[in-house]
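Report on the structure given below.
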Amino acid sequence: GIQVEQSPPDLILQEGANSTLRCNFSDSVNNLQWFHQNPWGQLINLFYIPSGTKQNGRLSATTVATERYSLLYISSSQTTDSGVYFCAVERYAGGTSYGKLTFGQGTILTVHP
Amino acid sequence: DTGVSQDPRHKITKRGQNVTFRCDPISEHNRLYWYRQTLGQGPEFLTYFQNEAQLEKSRLLSDRFSAERPKGSFSTLEIQRTEQGDSAMYLCASSARQGMRNEQYFGPGTRLTVT
């Protein structure tokens, strides 16, 4: 099956710093999502971004599907940004897909005041 | 749109007992997914429904696990004869595929502890 690798595994920042999280995947994908998992375990949708660039406030994401990677940018980080960030991909199999997501291991972000 | 809901949020059970979890998807979503997440890992796919039909099951879903979506709305996931290795967060997601777009939305999860 498809492999998804995220880096770095851990990231510690001071409030106000910027950061870049990376997601590499081993095969072509048709869908890609970024999530933030809060301390209670809820996965919050950040971006649906199979290709191109999107921005939402202090967060932006870029997916270069032909090179099999995606980047999540966090600017002016805040303590509330702390948590685990997951990248997840969906890959077509044999022309059909039931849409299951394959997740990376996540990046644990800690933002200190 | 009230989002995906799951019940219960936490479940503690003794080894060998049966447990059942419920998921209510976003109302207009015809696709429903179950995932399992253990500590320090990303969620892993378990099974998928389109309307009431269960179309795909992971090898992770042993014979002790069964899932249903009887009327194409809510779904239940039952684990029989629980084992300590079943301790995990069980996550439900739903989506409504529109062309190529299939964005999944997750519920808050049910955290299972088997003692």
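The values are calculated or read from the model by the stated rules, or taken from the named source; none is laboratory data. Since the model is a prediction, treat every value here as computed from it, not as a measurement. Cβ coordinates were reconstructed from backbone atoms using ideal geometry, including for glycine residues, and neighbour counts include every protein chain displayed.
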Scan the stretch B:69-85 and tell me whether some residue there is charged (D, E, K, R), surrounded by 13 or more Cβ atoms within 10 Å (Cβ to Cβ) and at the interface with chain A (Cβ under 9 Å from one of its Cβ atoms). no
Is it the case, given these coordinates, that B:Arg64 is farther than 30 Å from A:Gly83 by Cα, away from chain A (no Cβ under 11 Å) and surrounded by 15 or more Cβ atoms within 10 Å (Cβ to Cβ)? no
Quick one: in the stretch B:96-113, which of the residues that are modelled with pLDDT under 95 and closer than 19 Å to B:Glu52 by Cα is nearest to the other protein chains (Cβ to nearest Cβ)? B:Asn102
Applying the selection to the stretch A:1-58, what residues are under 15 Å from A:Ser75 (Cβ atoms) and without any contact (Cβ under 8 Å) to a residue 12 or more places away in the chain? A:Thr53, A:Lys54, A:Gln55, A:Asn56, A:Gly57
List, please: which pairs have Cβ atoms under 7 Å, are six or more places apart or on different chains, and start with a residue in the stretch B:55-66 that is modelled with pLDDT of 90 or more and end with one that is outside any loop (DSSP other than H, G, I, E, B) and among the charged types (D, E, K, R)? B:Ser66/B:Glu78
Is it fair to say A:Pro113 is in contact (Cβ under 8 Å) with a residue 60 or more places away in the chain, at negative phi and surrounded by fewer than 21 Cβ atoms within 10 Å (Cβ to Cβ)? yes
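Restricting the search to the stretch B:36-55, which residues are not β-branched (Val, Ile, Thr) and not in a strand (DSSP E or B)?
Residues satisfying the conditions are B:Leu39, B:Gly40, B:Gln41, B:Gly42, B:Pro43, B:Asn51, B:Glu52.
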Return the residue satisfying two criteria in turn: it lies in the stretch A:42-101 and is away from chain B (no Cβ under 14 Å) and basic (Lys, Arg), and of such residues it is nearest to A:Leu32 (Cα to Cα). A:Arg68
Confirm whether A:Leu13 is out of contact with any Gly (no Cβ under 6 Å at 6 or more places or on another chain), more than 14 Å from chain B (Cβ to nearest Cβ) and modelled with pLDDT of 95 or more. yes
